[in-house]
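Take a look at the structure below.
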Amino acid sequence: MSPHGYMERTGGEGLSEERTPLRPTAVGAAIRSRIGSSLALSIGLCIVIAIALIGAFAGLLAPHDPVEQNVTEALLSPGSAGHLLGTDQLGRDTLSRLIYGARNDFYTALAALILPLLLGTVIGIVAGYRGGWVDTAVVGIIDVIIAFPVLVLLIALVFVLGTGVTTIIIAVTAIDWVVYARLARTSARREDALEYVMAARIGGIPTWRIMLRHILPNIVTQSIVYAMSDMVIIIIFITTLGYLGLGVPPPAADWGTMISEAQPYFNEQWWLAVFPGAAIIITGLGLSLVADGLAQRFDIR
Amino acid sequence: MSAVKSTVTRKEELLSVKDLGIEIAEAHKPVVTDVGLSVGRGEVVGVVGESGSGKSLTLKAIAGLLPRGVAVSKGEIEVDGIDVAQASPRELRRLRGGVVGMVFQEPMTALNPTMRIGAQIAESVRAHAKVSKKEAREKALELLAEMGFKDPRHSAQRFPHELSGGMRQRVVIAIALAGEPSLLLCDEPTTALDATVTMKVLDLILKLSAERNIGVILVSHDLGVAARVCDRLVVMYGGRMVEEGPAEAVLRRPRHPYTFALLRAVPTKDSSIDDLRAIPGAPPAAGEAGPGCPFVPRCEFAVEACTQRVDLVPVEAGRRSACRRQELFPDSVEATDV
């Protein structure tokens, strides 16, 4: 409303350029335009739920122990007796490793998604609603973190902190919270200008309660919908770390590590790289369909 | 501002605004200048003027709710003995809701779309009284009943989008009253409503003012609304008060060319469409008004002296006007009825 507010807003706009060239919902949107929105969303949900269930019940579903080695049965091709998708160079069952990979990658990504979502949203609301020096400080920190290429920063952090699931979650959280903070900050400022927040303030309702009961429920949909597409990126990051040997420590199964280990066998046993690659693509596709479908449904962006 | 007090007898003064100035903080552009207001218990004071006249900002300043970048630059606002500018955060919280309640223009945006209305009212009750959740809920139901809801228990479970505009506005009023304030600020409370609902909401505000013995400030650009409910009227233009007095007197015998022009722009049942006169030109942009009367560029009676500072001066019993050319308004001349 005020010229001051306007300047602030356009100033904030400069921040919102995409920080990554990946557009996680692009694939989902392309498919939706061909097969219709409800079908696309349903397929996406089915894929995501299936992967989540496979990961959750990996112990029941996997025919073999994913880390059990058997050199006499190394590099079997798919369709071999007892090993539906064959075995790797150490004789480990590929199907079992894929299934356990779903557990490691999907749930690590989920944890690395929820933490920054919570942290960033809280920081963003406080900064956006309180304004003043808190806001200035938060925006400063966000700008510094955004200035780095994400993957490079992530690799550097994991390198410093040492590999492991906890490390990955901490590293992703340390970087990814800025996205949610920025989103929540902008939304909080937008809501702050609306009369119901003003009404709550003139009603003498405590600040924390205004943020929790009034602002949060009204802006959280956007963040959650964004989180779905963010998860595509996080899964790719986690598998990339695995591929680079910085992911879930061996011998635990991880799709990125599997691709990395399959590299010497590309010519003969190409399927060793193709199966985990396909797992990543299918997961990403499912999430992309859900992200795009939800964004469409809630009319976000 | 003139030192002469208005001669209208005050019933226990609730709000006193003196020499209020509001400016855009960074640019030091004044948007409201020299506004003085007072409201007593049981009194309904209307503030009228077109968009950009500073009426809403004045109201928000009283509530301590000025938007970012806009600040009170001068004068004092005293609500129930508390100076709003000097108040501690604790005093401000008691003030907000406890002493001052506010009703907004757009009832859809004034309600939280994600909360049931009963919970929203109860929340405001609990912000000011140490009561249990259950008691707050009961109080919310009582308030809904007082606002004319037939089945409060049922309505309390509704979300704002399930209600009609008039019902929403009544919920907003219920929330404003939840802390038992003694001053109700209404910012264009009927602008977003249908004509039929407008009357009901106005009647409700009038009834509450009388029954609860609270002071009401009603900001409106609609002279008809102001005429219907207000005891006194303040006319604002270009961030300044141009005229003040008992509502009926101001509307029947305006003592400022702006009020006069405003009345001529209002259609009435007796006037033909040809009698309507639009006011030529446009109001000054925020902060662009000079030191003199802000209406000069659009005023057909303006003389050289009008570009000099003009104070509000008493023109007759209980009335003040900021026009140098009072000779234009002999007491006998009557403007059109509203």
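The values are calculated or read from the model by the stated rules, or taken from the named source; none is laboratory data. If you're wondering where the values come from, they're calculated on a predicted model, not measured in any experiment. Reconstructed Cβ throughout: ideal geometry from the backbone, glycine too, with neighbour counts over all protein chains shown.
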Helices (runs of 4 or more DSSP H) contained entirely in the stretch A:129-232, each with at least 2 residues that are free of Cβ contacts under 8 Å to residues at least 40 places away in the same chain and away from every other protein chain (no Cβ under 14 Å): A:132-147, A:150-161, A:165-192
Number of the condition not met by residue B:187 [criteria: (1) among the acidic types (Asp, Glu); (2) under 21 Å from residue B:99 (Cα atoms); (3) over 14 Å from the mean Cα position of the chain (by Cα)]: (3)
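Sort out which residues of the stretch B:186-203 are among the small types (Gly, Ala, Ser) and outside any helix (DSSP H, G or I), and write them in order of number.
Result: B:192, single match.
Sort through A:115, A:95 and tell me the only one that's modelled with pLDDT of 95 or more, surrounded by fewer than 23 Cβ atoms within 10 Å (Cβ to Cβ) and either in contact with a Ser or Thr (Cβ under 9 Å, 6 or more places away or on another chain) or more than 26 Å from residue A:230 (Cα to Cα) (or both).
Criteria check complete, one pass: A:115.
I'd like to check something: does the stretch B:286-299 contain any residue that is farther than 22 Å from residue B:27 by Cβ, loosely packed, with under 11 Cβ neighbours inside 10 Å, touching a residue at least 24 places away in the same chain (Cβ under 8 Å) and of a type outside the set (Ser, Thr, Tyr)?
Checked the stretch B:286-299: no residue is farther than 22 Å from residue B:27 by Cβ, loosely packed, with under 11 Cβ neighbours inside 10 Å, touching a residue at least 24 places away in the same chain (Cβ under 8 Å) and of a type outside the set (Ser, Thr, Tyr).
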Within the stretch B:56-93, restricting to residues that are basic (Lys, Arg) and closer than 12 Å to residue A:202 by Cβ, the one that is farthest from the chain's Cα centre (by Cα) is B:93
Given (1) within 13 Å of the chain's Cα centre (by Cα); (2) of a type in the set (Val, Ile, Thr); (3) surrounded by fewer than 19 Cβ atoms within 10 Å (Cβ to Cβ), index of the condition residue A:207 fails: (1)
Identify, by number, the condition in (1) in a loop (DSSP other than H, G, I, E, B); (2) under 21 Å from residue A:212 (Cβ atoms); (3) at pLDDT below 90 that residue B:115 doesn't meet. (3)
In the stretch B:44-99, what count of residues is obtained for those that are without any contact (Cβ under 8 Å) to a residue 24 or more places away in the chain and either away from chain A (no Cβ under 14 Å) or of a type in the set (Phe, Trp, Tyr) (or both)? 4
Within the bounds of the stretch B:79-97, is there any residue that is in a strand (DSSP E or B) and surrounded by fewer than 23 Cβ atoms within 10 Å (Cβ to Cβ)? yes
Answer residue from the stretch A:50-92, given it is touching a helix residue (DSSP H, G or I) at 6+ places or on another chain (Cβ under 8 Å) and of a type in the set (Asp, Glu) and is surrounded by the most Cβ atoms within 10 Å (Cβ to Cβ) among those: A:88
For the stretch B:314-327 the number of residues that are farther than 10 Å from residue B:242 by Cα and outside any loop (DSSP other than H, G, I, E, B) is 6
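From A:115, A:110, A:95, A:90, grab the single residue that is aliphatic (A, V, I, L, M) and not in a helix (DSSP H, G or I).
Values: A:115 fails: not in a helix (DSSP H, G or I); A:110 fails: not in a helix (DSSP H, G or I); A:95 fails: not in a helix (DSSP H, G or I).
From the options A:115, A:110, A:95, A:90, the qualifying one is A:90.
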Residue check, residue A:169 against (1) farther than 17 Å from residue A:247 by Cα; (2) at pLDDT 90 or above; (3) β-branched (Val, Ile, Thr), all met but one. Which one? (1)
Report yes if residue B:242 is under 22 Å from residue B:199 (Cβ atoms) and crowded, with 24+ Cβ neighbours inside 10 Å, otherwise no. no
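Conditions (1) within 14 Å of chain A (Cβ to nearest Cβ); (2) touching a residue at least 40 places away in the same chain (Cβ under 8 Å); (3) over 19 Å from residue B:213 (Cα atoms); (4) in contact with a His (Cβ under 9 Å, 6 or more places away or on another chain), marked per residue:
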site	(1), (2), (3), (4)
B:109	yes, no, yes, no
B:130	yes, no, yes, no
B:134	no, no, yes, no
B:155	no, no, yes, no
B:159	yes, yes, yes, no
B:169	yes, yes, yes, no
B:174	yes, yes, no, no
